[in-house]
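The values are calculated or read from the model by the stated rules, or taken from the named source; none is laboratory data. As the structure is a computational prediction, the values presented were derived from the model and not from experiment. Cβ sites come from the backbone with ideal geometry, for glycine too, and all protein chains shown count toward neighbours.
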Amino acid sequence: MLFGIQWDTSSTLAFAMSIIPILLIGGITTIKATVVGFALAMVLGIVLAGLKGLPNKFISWPASFILEFLRGTPLLIQLFFVFYVLPQVTGWLIPAFVAGAVALALQYSAYCAEVYRAGIEAVPKGQREASTALNLPPLHTFVYIIVPQAIPRVIPALGNYVVSIIKDTPVLSAITVLEILSAASIIGDRTFNYMVPLTIAGAMYLIITVVAATLVRVIDAALPKQGIPLK
């Protein structure tokens with residue numbers, strides 16, 4: 001029994017039906033962690049990409065170091081650092097889910113930043129030259145001219161990272177976050193039947209990733225390729 005839900009081990013089908021509610025609870029956690037983590041990663045990624053692209057080396061070099069550090073260290077180390085080390089340094093008690101979402105955001109912000117950089121560099125240089133000729137401020141040029149044209153170019157690549165972050169959520173079980181795989185593992189430990197819960201868990205991950213990839217394709221098809229008009 002988990003979360004007050006009793007599973008039936010009398011037959012394979014009955015067992016599978018009885019554990020689905022538990023796995024759905026883990027599925028909701030997986031989706032929440034993905035949405036929160038990737039939303040934060042997109043915001044942090046565009047900030048890091050912008051800082052890295054600045055001509056001021058005192059700003060661009062530290063940003064480049066942060067990106068290399070985040071990209072070059074394992075997600076599990078970053079997760080443990082956020083969950084175990086930060087509370088000791090700051091004195092703040094960080095809930096496991098929040099720590100997991102933040103760790104996912106930090107890890108994937110580095111990848112998002114590189115995707116943004118590629119999209120920004122793909123914008124024709126004439127756009128920047130025209131902004132300079134019109135005497136527009138650099139920040140105004142970046143926010144209202146460069147970014148809206150870069151976003152449609154990076155949606156497919158960002159979609160790949162959405163799928164990747166979904167598949168990385170099982171790492172959060174290391175800090176007791178109950179997502180799909182950890183729920184399936186608990187059921188297997190208590191019933192000595194791993195095939196059914198792990199099979200259902202794999203199917204759930206497949207469904208979530210397929211839905212996410214489909215949404216990304218829909219968004220990519222809906223966005224104007226020449227850029228997003230800002231009012």
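A few notes on this one:
- Reported count of residues in the range 108-156, each being in contact with a Ser or Thr (Cβ under 8 Å, 6 or more places away or on another chain) and of a type in the set (A, V, I, L, M), is 1.
- Restricted to the range 14-65, and to residues there that are closer than 30 Å to Pro138 by Cα and charged (D, E, K, R), the residue that is surrounded by the fewest Cβ atoms within 10 Å (Cβ to Cβ) is Lys57.
- Qualifying residue in the range 177-194 (condition: touching a residue at least 40 places away in the same chain (Cβ under 8 Å), over 23 Å from Val35 (Cα atoms) and of a type in the set (Ser, Thr, Tyr)): yes
- Of all residues making up the range 112-137, the number that are surrounded by 21 or more Cβ atoms within 10 Å (Cβ to Cβ) and either of a type in the set (Ser, Thr, Tyr) or not in a helix (DSSP H, G or I) (or both): 1
- Of the helices (runs of 4 or more DSSP H) lying entirely inside the range 1-111, those carrying at least 3 residues that are over 27 Å from Gln149 (Cα atoms) and more than 23 Å from the chain's Cα centre (by Cα) are 12-52, 86-90.
- The condition of being modelled with pLDDT under 90, within 27 Å of Gly45 (Cβ to Cβ) and under 21 Å from the mean Cα position of the chain (by Cα) holds for only one of Val177, Val171, Val216, Val154, that being Val154.
- Some residue of the range 71-92 being closer than 20 Å to Ile120 by Cβ, surrounded by 14 or more Cβ atoms within 10 Å (Cβ to Cβ) and modelled with pLDDT of 85 or more: yes
- Screening the candidates Pro197, Pro224, Pro148, Pro156 for the property of being buried (at least 19 other Cβ atoms within 10 Å of the Cβ) and either assigned to a helix (DSSP H, G or I) or touching a residue at least 40 places away in the same chain (Cβ under 8 Å) (or both) yields one hit, Pro197.
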